[in-house]
Amino acid sequence: MVQLRPLDPNVSIFQQIQSDLSPVVLVNIFQVAEGERPAFLNAWEKDANWMKQQPGFISTQMHRGIAGSTRVILPAQAAGLRRFSLGQRRFVS
């Protein structure tokens, strides 16, 4: 099962989206079991391509753990949270 892990367990991503700071870097951390990695990568690629078309989007990357780690880190940069939040909610849901 893929699990979204908060970067700061005291402040959820949904709380952070309410902020109006800009620019911003959102960091999503997932635990992805080895058997689920292909489906996760496929879903991320589709969502990343969609997000690239959204207003305010700047960039996204994927960083995967090594040596058997199941950690996947997805930083995304946006011009502002209000515009980017629609894309982020699509990806998280």
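The values are calculated or read from the model by the stated rules, or taken from the named source; none is laboratory data. Keep in mind it's a predicted model, so treat the numbers as computed, not measured. Cβ coordinates were reconstructed from backbone atoms using ideal geometry, including for glycine residues, and neighbour counts include every protein chain displayed.
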Quick count over region 29-65, residues being within 24 Å of PRO9 (Cα to Cα), over 11 Å from the mean Cα position of the chain (by Cα) and among the hydrophobic types (A, V, I, L, M, F, W, C), is 3
For helices (runs of 4 or more DSSP H) lying entirely in the chain, having 2 or more residues that are at pLDDT 75 or above and charged (D, E, K, R) picks out 37-51
Note: among ALA33, ALA43, just one is loosely packed, with under 12 Cβ neighbours inside 10 Å and out of contact with any strand residue (DSSP E or B) (no Cβ under 8 Å at 6 or more places or on another chain), namely ALA33
request  = Kindly indicate whether any position in region 48-58 is in contact (Cβ under 8 Å) with a residue 40 or more places away in the chain and of a type outside the set (Ser, Thr, Tyr).
outcome  = yes
Note: among LEU74, LEU21, just one is of a type in the set (A, V, I, L, M) and either surrounded by fewer than 15 Cβ atoms within 10 Å (Cβ to Cβ) or touching a residue at least 60 places away in the same chain (Cβ under 8 Å) (or both), namely LEU21
